Every structure is written in C-alpha cells, then in structure tokens.
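In what follows, a single structure is set out as structure tokens and then discussed.
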Amino acid sequence: MKQESAAQSTPPPPSLSPAPSAQPSWEDGDPQALWIFGYGSLVWKPDFAYSDSRVGFVRGYSRRFWQGDTFHRGNDKMPGRVVTLLEDREGCTWGVAYQVRGEQVNEALKYLNVREAVLGGYDTKEVTFYPQDTPDQPLTALAYVATPQNPGYLGPAPEEVIATQILACRGFSGHNLEYLLRLADFMQLCGPQAQDEHLEAIVDAVGTMLPCSYLTEQALALV
C-alpha cells in the first residue's frame, strides 16, 4: 500500500468472542481524527496522507467481486470487477484501517470522494474495525461500499466467469488481474487466520487459465 509492510506481522488468531462497543472515530479525544477502512485497492495504495495504519478485520461482512469498474480497472465496454462488502452475519473481511488527523481528514475525504464515490460508485458506511494486534479494542471506521442501487453494480456470478472477466479488463489504474493478485498477496501476509474463500476461488480459476509462471512477476507488472 505503498505501505504493504504494515501487513507483515502475523500474531495469533484474534478471539471471536463478543467484543466491547467500538471506540468513537475521534480516538484520544481528538474530534479531528478519523479512521478509514480499506479492503480493496486501498490496502496497498491509499494515496492519501495518514498518521497511522493498522491491519485487521470487520465482522458481519463478506468481500465480493460484484462491483463493476469502468475507470480504474476497466472501461465502458468492458467493465472490470472490483470488490465491495456484502452484509453477512457470519462474514469477516480483512483489510487496513488508516487514521487521518487534522487537515488530513478533509484532504483524504476529498480525494476518496472522487476515487471511490464519483469514479467508483461507492457510498460511505460506518463499520466496526478490529485491529489484528488488539482485537479487544475495536475502532469505528468509515468504509466505502458499493450497493446494488448504484449503476455500476454487476452482482453475483460464478467465480470462473468473474475470473474470465478480470483477465480481459484493464483501466487507467492498471490491469484487473493486478488488482486481484495484489489483494490475494495482502491476504497471505495477514496470516492463516485471514480467510476469503471467494477471493481464493477466483485466483484458482485464473490459475487454470494461465501458466503458473504468469501469475507471479509478470502478472504484477501489468500496470
């Protein structure tokens, strides 16, 4: 994320027992501080200034490649597939929370409004984030979520169909395959407790369509 090193530590799996209420987003009594949760390209490329970042997860949501992208990873004729959050009582989605403070707050929100809302079709939603190192100290964070009501929403499809679509698409931010593999790489860095069966199934489907060697250095060079 340009801060990918943040995901290197892999402490023991967090407890799944009920946790206390989330702390307010203005931690430490600072009303000018905000946490922003990223679970897609934000995990490796936030592109905004921040004061702190923590790897962790949100409960009650599953990550799905159900949002269409006609700018960053595709175009109007061939929209790419990027992730959104689906409400799921048993779900758990890993990502990175970034803390912005003071002037960083407005700058980050202004930037993300264009990147995620205007160009991506995402709305904002408040979520409870559990840091990997301190899951007993949850935080309230802002997340960008694409709902079925937005015009770019593609919805569910078999993983093989999604993989085929990803292999065919490219946008201004790079190839759709790069997006998939960087997200898969981030999940591996989180450790064995971080699971995403949907993501893994798509990566496996891509693997059956391309030589194994192509899924490493050459794939990540598709920018």
Sort out for me the Cα centre separation of segment 145-172 from segment 87-127, rounded to whole Å. 19
Total charge of the residues flanking Glu200 in space, meaning their Cβ is under 12 Å from its Cβ, with Lys and Arg +1 and Asp and Glu -1, is -3
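Fully extended, how many nm does the chain gain between Leu210 and Glu197 (0.36 nm per residue separation, minus their Cα-Cα distance)?
Result: 2.7 nm gained on full extension.
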Summing +1 per Lys or Arg and -1 per Asp or Glu among the other residues with Cβ less than 13 Å from Ala157's Cβ gives 0
Nearest 20 debye, what's the magnitude of the dipole of segment 94-192 about its Cα centre given +1 on Lys and Arg Cβ and -1 on Asp and Glu Cβ? 260
With each label point set 7 Å from Cα along the Cα-Cβ vector, what nm distance links Asp76 and Ala49? 3.7
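Laboratory data are not the source of any read-out in this text; all were calculated from the coordinates shown. Since this is a predicted model, take the numbers as computed values, not measurements. Quick reminder, even Gly has a Cβ in these numbers, built from the backbone with ideal geometry, and neighbours come from all protein chains shown.
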